[in-house]
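Below you'll find the structure, written out as structure tokens, and then a few comments.
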Amino acid sequence: MHLHQAGRWLLHSGIQSPSGGVARYYLGQDERYLPVSTEITGYAASTYVWLYERTGDHAYREAAVRTARFLAGEAWDDAQQTFPFETAPGSPAYFFDCGIIVRGLLAVSRIEPDAELMRVATACAHGMARDFLDGATIHPIVELPGKAPRTHEKRWSREPGCFLLKAAMPWRQLSDDAILAEHWHTALRASIANHEAFLPGELVEEKVMDRLHAYCYFLEALLAEPHDAEAAAALRRGIARVGGYLRAIRARFLRSDVCAQLLRVRLYADWLGVEPLDERAAEHEADLARSFSLASEDVRLDGAFSFGARSGGILPIANPVSTGFCAQALDMWRAHRNGTPLQPVLDALI
């Protein structure tokens, strides 16, 4: 049910522009879309591909291809061999955004083999190592055109951290290239070594919730290495930590993406034999994720999932990433409850 409602919103709400780019989100109170975001378009590419693979509906395939054409065309800076932030003049480049975009291009390449998409994805993956990787440290932001690392700030998206491991996953996906495979293992070991310090990381609860979202990226990436003893141990530890913080903070501020991310990680970890599923906790997270589904006469909201809630009140912010995460998590949960769990294909994880 949520899959089809969310899919309808992603196709028909206007969140995807004619260019193929996808807006960061829709603000219900202001009745306006935020500008197109290259990172969010990368997530949307992966979401449309997942919806196509789940349903066979060619409308999703067409939407996925539009996102990829936008990313490999308008968003890609071939001279710099990177994706500048939001395509604005003078923008820096973000390691995380680049990785999410490359994952989106690789997802589209599964259903639409295209030499140009693969060329851009591979060039960006190598550029990410060249521009951001300094030994075992991944700088989150580099200035353009000089590629100098931006000074780190005490803010999770602007300092090195374990969350960047999800954006490094293209190095593993393209690991037929021995150089990229080595970069993946360097990032994996460094992220495992420093992940404990990432939480709580802040004194303000709202900021801790934001960091839970980021930390779940780390857990998602660990799913790629279920047979690595250190990765499996960090995954088990991380699931417990995120669950604890979520329960402690949720009454005051809750992000829908955290609920969905944690539920997906639980299901994958169980299917991979890393951590037996806590059914009660998973059901609770599914109920929370479900509560963020928006029903409205406004097609710009109806079927989407809200970004979050404050003091129990759902925010009228239709978020395409939250929509993809929640729809996928609830579809996985439904399959689990029906006794027909989906195969844990990690590249399908949005």
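Summary table
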quantity	calculated
Filter result for the condition that a residue is among the polar types (S, T, N, Q), modelled with pLDDT of 95 or more and either farther than 26 Å from W333 by Cα or over 15 Å from the mean Cα position of the chain (by Cα) (or both), over S46, S37	S37
Residue in the range 169-178 that is crowded, with 20+ Cβ neighbours inside 10 Å and outside any helix (DSSP H, G or I) present	yes
Exclusive hit being touching a helix residue (DSSP H, G or I) at 6+ places or on another chain (Cβ under 8 Å) and either under 17 Å from Q16 (Cβ atoms) or among the charged types (D, E, K, R) (or both), set A318, A348, A281	A318
Residue under evaluation F83, criteria (1) modelled with pLDDT of 95 or more; (2) more than 18 Å from the chain's Cα centre (by Cα); (3) hydrophobic (A, V, I, L, M, F, W, C), criterion not met	(2)
Meets criteria (among the aliphatic types (A, V, I, L, M), in a helix (DSSP H, G or I) and over 22 Å from the mean Cα position of the chain (by Cα)) for A248	yes
Test for A181: is it free of Cβ contacts under 8 Å to residues at least 24 places away in the same chain, assigned to a helix (DSSP H, G or I) and hydrophobic (A, V, I, L, M, F, W, C)	yes
Residue that is nearest to F83 (Cα to Cα) [pool: residues in the range 35-67 that are in contact with a helix residue (DSSP H, G or I) (Cβ under 9 Å, 6 or more places away or on another chain) and not in a helix (DSSP H, G or I)]	S37
Per-region count, the range 187-220, residues more than 20 Å from F132 (Cα to Cα) and of a type in the set (V, I, T)	2
Residue in the range 63-80 that is under 22 Å from G324 (Cα atoms), out of contact with any Pro (no Cβ under 9 Å at 6 or more places or on another chain) and of a type in the set (S, T, Y) present	yes
Residues within the range 68-105 that are open to solvent by 40 Å² or more (accessible area, probe 1.4 Å) and part of a strand (DSSP E or B), tallied	1
Qualifying residue in the range 108-119 (condition: charged (D, E, K, R), closer than 29 Å to H227 by Cα, open to solvent by less than 20 Å² (accessible area, probe 1.4 Å) and touching a residue at least 60 places away in the same chain (Cβ under 8 Å))	no
Checklist (1) surrounded by 21 or more Cβ atoms within 10 Å (Cβ to Cβ); (2) assigned to a helix (DSSP H, G or I) applied to R237, failing item	(1)
Of all residues making up the range 16-34, the number that are touching a residue at least 60 places away in the same chain (Cβ under 8 Å), in contact with a Lys or Arg (Cβ under 8 Å, 6 or more places away or on another chain) and buried (at least 21 other Cβ atoms within 10 Å of the Cβ)	1
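One line per residue, one yes/no per condition, for (1) assigned to a helix (DSSP H, G or I); (2) among the hydrophobic types (A, V, I, L, M, F, W, C):
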residue	(1), (2)
P276	no, no
A286	yes, yes
S296	no, no
L301	no, yes
A309	no, yes
T323	yes, no
M332	yes, yes
G339	no, no
P344	no, no
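The values are calculated or read from the model by the stated rules, or taken from the named source; none is laboratory data. In this text the structure is predicted, and so the values were computed from the model without any measurement. Heads up, the Cβs are rebuilt from the backbone with ideal geometry, glycines too, and the neighbour counts pull from every protein chain shown. When the accessible area is computed, the model is the full protein with side chains, heavy atoms only, and any ligands, DNA or RNA have been set aside. Shrake-Rupley method; radii C 1.70, N 1.55, O 1.52, S 1.80 Å.
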